[in-house]
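See below for the structure under consideration.
Nothing in this text is a laboratory measurement; each read-out follows from the coordinates by a stated rule. The shown structure was predicted, so the numbers you read here are calculated from the model rather than taken from an experiment. Because the Cβ atoms are built from the backbone with ideal geometry, glycine has one as well, and the counts that use them run over all protein chains shown.
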Amino acid sequence: MFVEPQLSPSPEVHASARRAPAPPPALRVGMIGTGTVGSGVWRVLRRNQDLINARAGRAIEIVAVAARNTARAAAALDGAPGVRLLADPLQLAADPGVDVVLELAGGTGAARDWVQAALVHGKHVVTANKALLATHGEALAQTAARHGRVLAYEAAVAGSVPVIKALREGLAANRITALAGVLNGTSNYILTRMQAAGLGFAAALTEAQALGYAEADPAFDVDGTDAAHKLALLAANAFGMPVRLDAVHVEGIRDLQRGDVAAAAHLGYAVKLLAVAEQQECEGRVAIQLRVHPALVPARHPLALLDGATNGLLVHGDAAGSAFFSGAGAGSEPTASAVLADLIDLARLPAVSSPAPTGPGVPTLGTHRRAGNAPAVLPMAPVKTPHLLRLLPGAALCEAAVLRALARDGVTVRRRTWAAPVTPGGAPELLLLTAPTPDALAAQATAHLQAYTGAQVRRLRVELCSAPTDEQ
């Protein structure tokens with residue numbers, strides 16, 4: 001017969017059974033900078049506070065803000081109720097009432113000092129500052145490791161798109177062989193308009209500036225620097241190499257002509273400013289090529305279909321195969337989304353003061369490196385890609401003579417066609433697609449061809465954006 005168990009009459013037992021565990025203390029955040037990203041973090045956190053707290057397992061509160069103009073900062077944060085406003089970021093970095101510092105002001109000089117100070121004072125740091133990390137990331141990562149702190153930077157690459165987390169965690173079991181991405185929204189908007197509307201570079205840039213997609217001084221974006229910063233960080237995480245900004249070959253889009261974009265479209269390609277990192281065997285050891293430059297991408301490839309300011313990244317892993325990520329690469333709330341994702345990860349730590357997962361856990365730059373095992377960097381000269389040669393003749397061209405001239409330099413042409421001139425009344429253009437050819441050889445052959453024919457020869461690289469092969 002079933003006998004109902006008797007509960008202890010002890011009031012102490014009954015009280016302990018009813019008592020809920022105490023909630024963990026709030027994660028106290030200090031924020032440096034209240035511009036585009038900082039104000040976005042404030043808005044999204046306030047709008048989604050209940051959801052964010054539930055997913056984090058504790059409350060996340062901005063308790064202090066540092067900005068040069070505290071009155072302007074207060075206005076940007078709806079009056080900043082309950083927030084201490086400081087004029088000195090170093091004071092915030094040392095504040096015992098702050099657990100995590102958000103560095104959202106930008107720059108590489110003072111920002112380095114703020115982040116360094118915060119880590120030394122036992123704060124975790126979240127930043128969206130790719131220039132800082134591409135320049136000083138190695139030293140800051142070492143400081144974070146020494147002090148058992150997290151240096152998180154999902155927002156520094158591709159805005160809302162979680163590519164850093166994908167490389168460090170989701171694809172951690174993979175040997176990454178290559179990655180290629182459209183990582184700068186300004187350049188991608190300009191190239192989209194050059195293709196869709198037939199605009200020249202200057203006209204497309206002016207339009208981008210009018211719409212707020214480009215700065216008054218667009219050099220950082222259109223000259224490839226921004227994409228190079230992001231590529232250096234991606235390569236460090238993908239290949240276990242140091243952050244080597246100086247090793248990235250960089251070309252921008254300033255010199256592109258609308259005829260280049262039209263010729264690419266004629267052949268079934270789109271022109272994109274690509275950031276490429278690829279692993280290759282070189283003289284018996286692994287080497288990595290790092291490059292940012294305009295390139296032709298097959299028109300139906302996911303990277304070619306990225307329009308406007310959208311960012312995207314294609315990653316090839318030996319186990320996972322190809323993975324593609326895309327989304328908003330910049331903007332106030334898209335970037336804030338990534339900043340807050342890092343904050344939620346920090347809030348999930350057992351205790352904010354406990355040793356961070358950057359030591360025995362997730363390393364800041366993706367890999368626990370051993371001395372002497374970093375891959376070499378491959379210079380641009382031997383990098384093999386197909387090339388588009390666009391010949392703009394001042395007089396009639398002999399196609400056979402052109403092919404013979406290229407053959408003498410060891411360049412094989414796989415496809416050739418004639419295209420109508422971009423300028424009405426001009427001569428037809430000869431378009432040639434080569435087999436994969438070392439970059440230095442392609443440049444030499446282009447110079448020889450120009451001297452031989454008297455034609456202007458435009459050269460653009462072609463990226464097939466598939467898994468690497470021996471031929472490539």
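Report the per residue volume, in Å³, of the convex hull enclosing the C-alpha atoms of the stretch 384-462. Intermediate results must be reported in sequence, preceding the final value.
Values: hull volume 5.9 nm³, N = 79.
Once divided by residue count, the hull of the stretch 384-462 is 75 Å³.
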For the stretch 388-459 the mean separation of alpha carbon contacts under 8 Å (6+ apart) over residue count, i.e. relative contact order in percent, is 48
In terms of Cα to Cα distance under 21 Å, which lysines are near enough to Lys384, apart from those fewer than 8 places away along the same chain? Lys272
Could you pull out every one of the lysines with an alpha carbon less than 19 Å from that of Lys130, ignoring same-chain neighbours closer than 8 positions? Lys165, Lys230
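What is the mean projected area of the alpha carbon convex hull for the chain, to one decimal in square nanometres? Please report the intermediate quantities before stating the final value.
Values: hull surface 124.4 nm².
Average of the hull's projected areas for the chain equals 31.1 nm².
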On the formula 1/(1 + (r/R0)^6), with r taken between the Cβ atoms of Glu207 and Asn69 and R0 of 25 Å, the FRET efficiency rounded to 0.05 is 0.20
For the stretch 68-176, what is the charge dipole size about the Cα centre, in debye to the nearest 20, if Lys and Arg each add +1 at the Cβ and Asp and Glu each add -1 at the Cβ? 200
Suppose we look only past 16 Å in the calculated P(r) of the stretch 66-126. What percent of the Cα-Cα pairs does that tail hold? 43
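Quick one: putting +1 on the C-beta of Lys and Arg, -1 on the C-beta of Asp and Glu, what dipole do you get for the chain around its Cα centre, in Debye to the nearest 20?
200
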Under the Karplus relation 6.51 cos²θ - 1.76 cosθ + 1.60, θ = phi - 60°, what is the ordered set of whole-Hz ³J(HN,Hα) values for the stretch 243-258, x standing for Gly and Pro? 6, 10, 4, 5, 8, 8, 6, 10, 9, x, 10, 4, 8, 5, 9, 5
Percent relative contact order of the stretch 101-197, based on C-alpha pairs within less than 8 angstrom and at least six residues apart? 22
Give the Rg (one decimal place) followed by the Dmax (whole number) of the stretch 232-359, computed from C-alpha coordinates and expressed in Å. 18.5, 59
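What number, rounded to the nearest 500 deg cm²/dmol, is the helix-based mean residue ellipticity at 222 nm of the chain, given -39500 (n - 2.57) per DSSP H run of at least four residues and division by all its residues?
Working: 15 runs with 160 residues, N = 472.
So the calculated ellipticity at 222 nm is -10000 deg cm²/dmol.
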Dipole check, the stretch 384-462, charges on Cβ (K,R +1; D,E -1), about Cα centroid: among Ala440, Ala420, Gln450 the Cα furthest to the positive pole belongs to Ala440
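Taking the stretch 163-326 on its own, what percent of its Cα-Cα pair distances exceed 28 Å?
On the way: 2946 of 13366 pairs.
So the portion of pairs separated by more than 28 Å is 22 percent.
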Based on alpha-carbon centroids, what's the gap between the stretch 158-199 and the stretch 374-419 in Å, whole number please? 28
From the phi angles alone, apply the Karplus equation (6.51, -1.76, 1.60; θ = phi - 60°) to the stretch 151-168 and give each ³J(HN,Hα) in whole Hz, x where the residue is Gly or Pro. 10, 10, 7, 3, 6, 6, 10, 6, x, 6, 8, x, 7, 5, 4, 4, 5, 7
